[in-house]
Structure formats: C-alpha cells, structure tokens
1. With everything on Cα atoms, drop me the angle between helix 9-18 and the longest principal axis of the chain, reported from 0 to 90° to the nearest 10.
2. Just to be sure I understand the model, the point goes 7 Å from the Cα along the line to the Cβ. What's the resulting D222 to S303 distance in nm?
3. List, in the order given, every pair from K67/K200; K250/K280; K96/K149 whose Cα-Cα distance in the structure shown is over 28 Å.
4. By count of other Cβ within 10 Å, fewest leading, how are I29, I120 ordered?
5. For a quick check: sort H218, H285 by the number of other beta carbons within 10 angstrom, fewest at the front.
6. Quick one: helix 237-251 against the long Cα principal axis of the chain, what's the angle to the nearest 10°, folded into 0 to 90?
7. Could you calculate the FRET efficiency of T43 with E293 from 1/(1 + (r/R0)^6), where r is the beta carbon distance between them and R0 is 56 Å, rounded to 0.05?
8. Which percent, nearest 5, of DSSP beta bridges in the chain are antiparallel?
Amino acid sequence: MLILSDLNYEQLKKVITDMGERSFRAEQIFRGVCSGKKISEITDISKELRAKLLSVYEDEPVKIIGKKVSSVDGTTKYLFKLWDGNVVEGVLMKYKYGNTQCVSTQVGCRMGCAFCASGIDGLVRNLTAGEILGQISAVNAEIGGALDKRAVTNVVLMGSGEPLDNYDNVVAFIRNLSDKRGLNVSPRNLSLSTCGLVPKIYDLAGEGLDVNLTISLHNPFDEGRKLLMPIANAYSIAEILDACSYYFNKTGRRYIFEYSLVRGQNDGKDCAEELIRLLKGRPCHINLIRLNEVKEKNLSSTSDKDAYKFLGLLTKGGLSATLRRQMGADIDGACGQLRRKYINGENL
Ligand code: SAH
C-alpha cells in the first residue's frame with residue numbers, strides 16, 4: 001500500500017484527475033490528510049472516491065499509540081506506530097511563543113553517536129515524506145489544532161534519525177509542510193539538526209528553503225569529537241564550518257551548534273577556549289544542554305554547576321550561548337529512549 005501524504009499537491013491532483021474526478025477534490029483530500037484525518041474520515045468527498053483511494057493508500061499510516069506528559073513542564077512525548085508496525089517517537093514542547101514539535105526522520109539511525117539511544121540497533125529504515133508529516137498532522141489534531149488555527153507552530157528535526165541521511169524524503173516533507181493549502185508551516189519555523197553530513201549541507205543550501213540549520217558539534221577538537229561521533233572520521237570540523245559559512249551566505253540564516261555536555265569529555269576549560277577560538281565572530285549561537293543519561297550508555301552528564309561555569313566561559317569569550325533547560329527529563333525526553341523501552345517491552 002502507498003501513502004497518500006507522500007504526494008505533493010500537484011502529484012495528488014494528477015492522481016485524482018486520472019481517477020476521473022474533478023481537480024478540486026485534490027484540495028479537499030490534501031486538506032483532509034494534512035489536518036490529521038484518516039482517508040476514511042474525509043467526508044467531504046464521496047464514499048466511492050474514499051473507497052478508490054483506500055484500495056491504493058493506507059488509511060492511517062501514522063497513528064499515535066502512546067503519550068507521556070511531563071509533570072514538571074507539560075512536555076509531551078508521543079509514540080507513533082507506522083503502517084508496517086515500526087514505531088518512532090516525537091516530543092511536543094510548550095513555550096510562551098507557541099508549541100514546538102520534535103519529529104523523527106528515520107526508524108533508528110546509522111550514525112552511531114556514543115550518547116544517543118536512537119542508533120543502538122542501527123538504521124531500520126528511512127521514513128517517507130508522508131510519515132514525517134503524519135507525525136505533525138496527528139499531534140496538531142490531537143491537541144485541538146486545525147489548518148487555519150495551527151497548534152503546532154514550530155518543528156525541529158531532532159527526533160530519531162539523521163535528516164540529511166534521508167535527504168530526498170526530508171526535503172519533500174519540508175515542501176509539503178510549508179504548502180499553504182496544508183499545514184502552512186514556514187521553513188523559517190523549522191530547524192534541521194545534523195551530525196554534519198557536509199556535502200548534504202551544501203545541497204540543502206541550494207534548495208531555496210530557508211530552514212534553520214543546526215549542527216551537533218559536541219566537541220571542538222576533531223580527535224575528541226571522534227570519540228563521541230563516528231561521522232567525525234568522515235568530515236572535519238573545519239569542513240563543517242566552511243559548509244556553515246556557505247549556508248549562511250546563501251540563506252542569510254544564522255546557524256546553531258548543539259553541544260551536549262558530557263562529564264569529563266567535552267566540558268573542560270580547553271574545550272571552552274577552543275570553541276571561542278573557532279566560533280568567535282561567526283553568525284552562530286551555541287545551545288548547551290546537559291547530557292540526558294541513557295541507560296544503555298556509560299556516559300554521565302556534567303553537573304549543573306559545571307554547566308553554568310562552561311556557559312560563563314563561552315559568553316565571557318564573546319560567544320552567543322545559552323544553557324537549555326532540560327525538558328521532559330522525567331519522560332525519557334532524549335532521542336530514542338521511549339522507543340527503546342517499547343522495544344524492550346518495559347512499562348512506558
Ligand atoms: N541526527 C541529528 C538529529 C537528531 S538528535 C543530529 O545529530 O543532529 C538531536 C540532538 O540531540 C543532537 O544534537 C544529538 O546529538 C542530541 N542527543 C542525542 N542523544 C542525546 C542525549 N542522550 N543527551 C543529550 N543530547 C542528545
């Protein structure tokens with residue numbers, strides 16, 4: 001079976017007119033799917049057309065099957081079941097200015113970062129464009145949003161998976177997400193986080209999509225970075241910085257570095273000084289977070305005190321940096337943690 005929301009509007013229009021239907025039906029169907037309806041629930045089209053669609057397309061390719069709400073900050077973790085039985089997770093974070101949803105782009109991940117739960121079993125498969133979009137349309141509907149009154153205002157590609165390792169589907173998703181007939185989320189309200197697949201950063205700069213680029217840095221020294229992130233063996237930090245400059249020149253968008261503080265690995269004065277040397281004067285911001293400790297991984301988080309000390313060194317050195325408050329730590333907030341529990345058969 002196929003997934004209807006993998007199609008963009010023009011492709012959908014062709015499918016519908018090829019079925020002998022009038023083209024305005026395509027807009028009704030596109031709106032229905034983006035607003036989180038199953039095909040069988042799109043009642044402004046005929047029963048016959050629904051039946052025709054259901055003979056080709058999945059009725060509900062992405063379904064919310066679990067939900068955990070943080071008692072601390074209202075952050076909600078979702079577990080989604082895909083049409084083939086695979087599960088992925090996502091998070092909804094509530095801020096003063098709106099709701100940000102963190103979505104997955106792959107089932108599993110093949111990047112193998114030392115601290116991350118998503119890649120423990122490697123990559124299972126890529127998500128299609130419609131499966132990425134489906135996470136958002138499902139949550140938007142679940143929390144009472146509609147197309148003309150969206151409840152999900154911002155999107156970050158920071159769930160499981162490496163978005164640039166699933167490039168075509170991710171770009172198709174971003175285009176559909178920003179379609180004015182659908183969810184109409186501007187690429188400027190979307191952040192794409194990558195471990196640093198350098199050639200794909202250049203490709204992304206050429207798409208004409210002004211998405212916010214976020215790079216997972218985690219260590220300013222190539223040798224130290226290799227200990228945490230195998231991708232550092234393929235691309236150096238210097239190459240990443242060149243790609244970031246290119247991205248900035250093309251899009252005018254400031255870029256962000258994610259830096260998860262791991263005790264004894266990347267939280268010393270030497271790392272702070274090297275970050276200042278590398279990044280001072282660049283149009284960038286550094287997002288520090290304390291490591292979310294993952295049961296299967298033997299790494300601990302930097303203490304609050306040391307995290308603030310590290311932040312102080314960066315800001316005193318002239319960098320724009322913030323220490324992100326840890327959200328959802330009581331609900332397995334870090335990438336891949338909830339899915340692992342599901343797979344291991346633990347209580348969620
Ligand atoms: N593959 C992409 C996006 C997914 S991860 C990337 O590498 O950027 C989103 C962010 O969470 C990344 O910065 C990642 O390095 C970080 N991360 C993953 N597991 C973590 C953990 N246990 N604690 C803190 N940060 C983590």
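None of the figures in this text is laboratory data; all of them are computed from the coordinates on show. Bear in mind that the values here come from a model prediction, so they are computed numbers and not experimental data. Don't worry about glycine lacking a Cβ; one is built from the backbone with ideal geometry, like all the others, and counts go over all protein chains shown.
1. For 9-18 against the chain, the angle is about 20 degrees.
2. So the label points at D222 and S303 sit 3.5 nm apart.
3. On the way: K67/K200 33 Å; K250/K280 20 Å; K96/K149 17 Å.
K67/K200, as the Cα separations exceed 28 Å there.
4. If I rank by nearby Cβ atoms, fewest first, I get I120, I29.
5. Details: H218 26, H285 15.
By the 10 Å Cβ count, ascending: H285, H218.
6. 50 degrees
7. Computed FRET efficiency for T43 and E293 comes out at 0.75.
8. Counting only bridges with both partners in the chain, antiparallel ones make up about 50 percent.
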